[in-house]
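Report on the following structure.
The values are calculated or read from the model by the stated rules, or taken from the named source; none is laboratory data. All of these numbers come straight from a predicted model, not from anything done at the bench. Using ideal geometry, Cβ is built from the backbone for each residue, glycine included, and neighbour counts are taken over all protein chains shown. We work out accessible area using only protein heavy atoms, side chains counted, and drop any ligands, DNA or RNA first. Shrake-Rupley method; radii C 1.70, N 1.55, O 1.52, S 1.80 Å.
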Amino acid sequence: NVRLATDLTGWTLNVMTEEEAGERQEQEYSRLVEHFTGNLDVDEEFAGVLIEEGFTSIEEVAYVPMEEMLAIEGFDEETVTELRRRAKDVLLNQALASEEALEGAEPAEDLLGM
């Protein structure tokens with residue numbers, strides 16, 4: 001059945017046991033906790049709340065509408081404002097670092113010949 005579904009849809013289907021799925025989910029959860037605690041300077045419990053609410057990136061934390069974040073139990077306006085500020089600072093620093101890495105770069109020869 002999986003092979004037929006793969007042929008019909010053109011998708012690659014990953015079949016795994018419940019145990020494997022659970023392990024993968026735990027790994028993803030741990031990765032996100034580390035990502036949020038390291039970048040947003042929040043504790044593991046706070047990072048866990050973000051993950052449980054569906055946040056998976058710094059961009060989402062920075063730009064999701066304020067009303068959605070205020071709907072999270074325990075989040076007040078001051079907390080949300082500070083969290084969004086931290087997320088935007090992280091994104092700005094990443095953009096600046098990316099731009100600095102490109103400063104000395106030259107356009108490719110084929111682009112110069114156009």
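For the stretch 38-52, taking the residues that are farther than 12 Å from ILE72 by Cα and hydrophobic (A, V, I, L, M, F, W, C), the one that is farthest from the chain's Cα centre (by Cα) is identified as VAL42. Close contacts from the stretch 88-101, counting a first residue that is in contact (Cβ under 8 Å) with a residue 40 or more places away in the chain and a second that is of a type in the set (Val, Ile, Thr) and part of a helix (DSSP H, G or I), with Cβ to Cβ under 8 Å and a gap of 6+ residues or different chains, come to VAL90/ILE58. Filtered by the rule that a residue be aromatic (Phe, Trp, Tyr) and either open to solvent by less than 70 Å² (accessible area, probe 1.4 Å) or closer than 18 Å to LYS88 by Cα (or both), the stretch 22-67 gives PHE36, PHE46, PHE55, TYR63. Note on the stretch 86-114: among residues that are part of a loop (DSSP other than H, G, I, E, B) and of a type outside the set (A, V, I, L, M, F, W, C), the one that is surrounded by the most Cβ atoms within 10 Å (Cβ to Cβ) is PRO107.
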